[in-house]
Amino acid sequence: EQGNPQRASEKINELFSTLPKGKGWWAEHLFHYQGFWLSNRALEGLLLIQDNFKPQPSDIFLANTPKSGSTWLKALLFSIVNLSRYDFSSHPLLNTPPRDIFPFLDFYFQQNKPISDIESLPSPRLFSSHLPYNLFPKSITASGCRFVSIWRDPKDVFVSQWHFMKKLRSKELPAVSMEEAFDLFCKGVSHYGPLWDHMSGYWKASLESPEKILMLKYEDMKREPLVQVKRLAEFLGQPFSIEEENKGVVQEIINLCSFDSLRNLQVNKTRDGPSNEGRPVKNPDFFRKGEVGDWKNHLVAEMAEYIDQIIKDRLCGGGLAS
Ligand code: A3P
């Protein structure tokens, strides 16, 4: 059995006429659907998920806004969950780009792959998504599965999205200047935005169900990877044993998944090769700088303050973030 893209596009076409439209960054348009801005592809993907995805209670979703650290977290999640399956010397991440190490659910059903492919994945199945928590079908959020979400300084997310857009946006579309992108971002018009509503959806859910939803911060992961990776493993129900810790396993995982190690692997360095075929963004495009605070090289003080103020008003006002 396959997903039914035709049915979804019929539903989408009906929706298109009713939804408010905004300017897309890498797609031409974004559509305002239940409080969030989605590309037509993401919206179609969501409808296909609603129709076709059968959750299993052991499923684990990595869900965050684009450019917050999914590549890193994908590598970490896969390494932790499969610790007993693979050796570090012949690890799948050495020749598989993190983006392909487990399925990106949002576009999965548009690829016409058999559903049995994901139904037969070893348990716990891992999926990544950019969908906001509130848009996940209830069948998934109520099934008992776990969510890991990563936050990043919104100023760095903006800068990272801006660079990514330059790679991904069709050359047939007019370029978007940084000023225009900034304006859109601050109005909430970004892929899967508004960013702050995306953040607060996962944050609130994690406060309500800390055993089901874990929030990590990119900056914390950079500062104290050992602490955060152990926290992640505990949350996943796979805490490291004393022997593993003594053997340096946690550090090995951190090293394998580090920016420099992944970026320098041949599979992530080359723009050609099977894992890049037919894809507008290539494996190296997922490794740019990998730093905290690169926004300082791109935003003037007023822009930075403006974003900070929005986040303060939207999140701290609700008592969510400090
Ligand atoms: P920059 O553009 O600031 O460099 P995503 O993986 O969600 O698409 O986010 C991409 C961002 O994460 C990029 O940020 C990228 O360089 C950074 N990144 C990729 N792999 C990383 C890793 N292993 N460790 C830290 N950052 C990483």
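Across the range 100-118, what is the total count of residues that are closer than 19 Å to VAL267 by Cα and either β-branched (Val, Ile, Thr) or touching a Pro at 6+ places or on another chain (Cβ under 9 Å) (or both)?
Total meeting the criteria: 1.
Got a number for residues in the range 130-165 being hydrophobic (A, V, I, L, M, F, W, C), in a helix (DSSP H, G or I) and away from the ligand (no atom under 16 Å from the Cβ)?
Qualifying residue count, the range 130-165: 2.
State whether one or more residues within the range 249-262 are away from the ligand (no atom under 13 Å from the Cβ), surrounded by 17 or more Cβ atoms within 10 Å (Cβ to Cβ) and either of a type in the set (Lys, Arg) or at pLDDT 95 or above (or both).
yes
Scan LYS212, LYS204, LYS166 and give me the residue that is without any contact (Cβ under 8 Å) to a residue 24 or more places away in the chain and of a type outside the set (Gly, Ala, Ser). Walk me through how you get there before you give the answer.
Details: LYS212 fails: without any contact (Cβ under 8 Å) to a residue 24 or more places away in the chain; LYS204 fails: without any contact (Cβ under 8 Å) to a residue 24 or more places away in the chain.
It is LYS166.
Can you name the residue in the range 43-69 that is buried (at least 23 other Cβ atoms within 10 Å of the Cβ) and within 16 Å of the ligand (Cβ to nearest atom) and, of all such residues, is farthest from VAL159 (Cα to Cα)?
The selected residue is PHE61.
Of the numbered conditions (1) at pLDDT 95 or above; (2) touching a strand residue (DSSP E or B) at 6+ places or on another chain (Cβ under 6 Å), HIS29 fails exactly one; give the number of that condition.
Of everything listed in (1) at pLDDT 95 or above; (2) touching a strand residue (DSSP E or B) at 6+ places or on another chain (Cβ under 6 Å), HIS29 misses just condition (1).
Tell me the residue from LEU77, LEU121 that is under 18 Å from LEU236 (Cα atoms) and within 13 Å of the ligand (Cβ to nearest atom), please.
LEU77
Please state which one of PRO122, PRO137, PRO98 is loosely packed, with under 15 Cβ neighbours inside 10 Å and out of contact with any strand residue (DSSP E or B) (no Cβ under 7 Å at 6 or more places or on another chain). Steps first, please.
Numbers: PRO137 fails: loosely packed, with under 15 Cβ neighbours inside 10 Å; PRO98 fails: loosely packed, with under 15 Cβ neighbours inside 10 Å.
When all the criteria are applied, what remains is PRO122.
Any residue at all in the range 173-196 that's more than 30 Å from LYS21 (Cβ to Cβ), out of contact with any helix residue (DSSP H, G or I) (no Cβ under 7 Å at 6 or more places or on another chain), at pLDDT 95 or above and not in a strand (DSSP E or B)?
No, every residue in the range 173-196 fails to be more than 30 Å from LYS21 (Cβ to Cβ), out of contact with any helix residue (DSSP H, G or I) (no Cβ under 7 Å at 6 or more places or on another chain), at pLDDT 95 or above and not in a strand (DSSP E or B).
Quick check on the range 66-89: of everything there that is closer than 16 Å to ASN264 by Cα and of a type in the set (Ser, Thr, Tyr), which residue is farthest from the chain's Cα centre (by Cα)?
The qualifying residue farthest from the chain's Cα centre (by Cα) is SER89.
Just the residues that are within 10 Å of the ligand (Cβ to nearest atom) and over 15 Å from TRP162 (Cα atoms), please, taken from the range 292-311.
VAL292
Can you tell me how many residues in the range 267-291 are without any contact (Cβ under 8 Å) to a residue 24 or more places away in the chain, in a helix (DSSP H, G or I) and within 16 Å of the ligand (Cβ to nearest atom)?
Residues that pass the stated criteria total 3.
The values are calculated or read from the model by the stated rules, or taken from the named source; none is laboratory data. Quick caveat, the model's predicted, so the values are computed rather than measured. Note that we place each Cβ from the backbone using ideal geometry, even for glycine, and neighbour counts take in every protein chain shown.
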